[in-house]
Amino acid sequence: MKFLDIGEVSSQTGIRPSTLRYYEEIGLIASVSRHGLRRQFAPDVLPQLKLIQLAKLGGFSLDEISGMFGPDGAPDLPRAVLHQKADAIDVKIRELMALSSMMRHVADCPAPSHLECPKFRRLLNLAAKVGETRKRRRMA
């Protein structure tokens, strides 16, 4: 089996060698040997790193990601947690769509003052409610 040098892994994944060393230090990935001072990795580290990148995009912390791998490094994905993260992303998408709509309305609104526009005032109230909901979630 041909091993991949840390530089090869870095160039194939776009992940800096320092990050790869950190991932190894915290147990997310494992090198299999060294060639001189350079770490060597089995080719199966590439899908592991892709999963790590995808999980980070999904908002998972490195601690949460470490729980997504079994002792042998194979993925062991927590389906219930994935559903929760997907639900949170859906909420964020709705919030961002509402924000986008508000910004477009503000940009195009013909009212002499935005505070005179009933739709703008409703959007302000909605934004305040969303902010309060977030604050309560963080405090819970």
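The values are calculated or read from the model by the stated rules, or taken from the named source; none is laboratory data. Predicted model, so just to flag it, every value in this text is computed and none were measured. Heads up, the Cβs are rebuilt from the backbone with ideal geometry, glycines too, and the neighbour counts pull from every protein chain shown.
Computed quantities for the displayed model
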item: Number of the condition not met by Asp76 [criteria: (1) surrounded by 14 or more Cβ atoms within 10 Å (Cβ to Cβ); (2) in contact with a Gly (Cβ under 9 Å, 6 or more places away or on another chain)]; result: (1)
item: Residue match in the stretch 25-40 (condition: β-branched (Val, Ile, Thr), surrounded by 14 or more Cβ atoms within 10 Å (Cβ to Cβ) and under 26 Å from Lys2 (Cα atoms)); result: yes
item: Residue check, Ala30 closer than 24 Å to Arg138 by Cα and either in contact (Cβ under 8 Å) with a residue 12 or more places away in the chain or in a helix (DSSP H, G or I) (or both); result: no
item: Unique residue being more than 23 Å from Leu4 (Cβ to Cβ) and surrounded by 14 or more Cβ atoms within 10 Å (Cβ to Cβ) when the list is Val45, Val91, Val130; result: Val130
item: Among (1) within 30 Å of Ala30 (Cβ to Cβ); (2) assigned to a helix (DSSP H, G or I) - the single one Pro71 does not satisfy; result: (2)
item: Test: residue in the stretch 21-36 that is more than 19 Å from Asp72 (Cα to Cα) and in contact with a Gly (Cβ under 9 Å, 6 or more places away or on another chain); result: no
item: Top-ranked residue in the stretch 110-124 [being of a type outside the set (A, V, I, L, M) and exposed (fewer than 10 other Cβ atoms within 10 Å of the Cβ); ranked as nearest to the chain's Cα centre (by Cα)]; result: Pro118
item: Residue match in the stretch 95-102 (condition: of a type in the set (D, E, K, R) and loosely packed, with under 11 Cβ neighbours inside 10 Å); result: no
item: Of the criteria (1) touching a residue at least 24 places away in the same chain (Cβ under 8 Å); (2) closer than 30 Å to Leu123 by Cα, which one Ile6 fails; result: (2)
item: Cβ-Cβ under 7 Å pairs, at least 6 apart or on other chains, the stretch 116-140 side closer than 14 Å to Ser101 by Cβ, far side of a type in the set (Asp, Glu) and in a helix (DSSP H, G or I); result: Val130/Glu95
item: Residue in the stretch 113-132 that is among the aromatic types (Phe, Trp, Tyr) and assigned by TED's automatic domain parsing to the domain that holds Ile15 present; result: no
item: Any pair with Cβ under 7 angstrom, 6 or more apart, that starts in the stretch 94-112 at a residue that is over 15 Å from Leu124 (Cβ atoms) and ends at one that is modelled with pLDDT under 85 and not basic (Lys, Arg); result: none
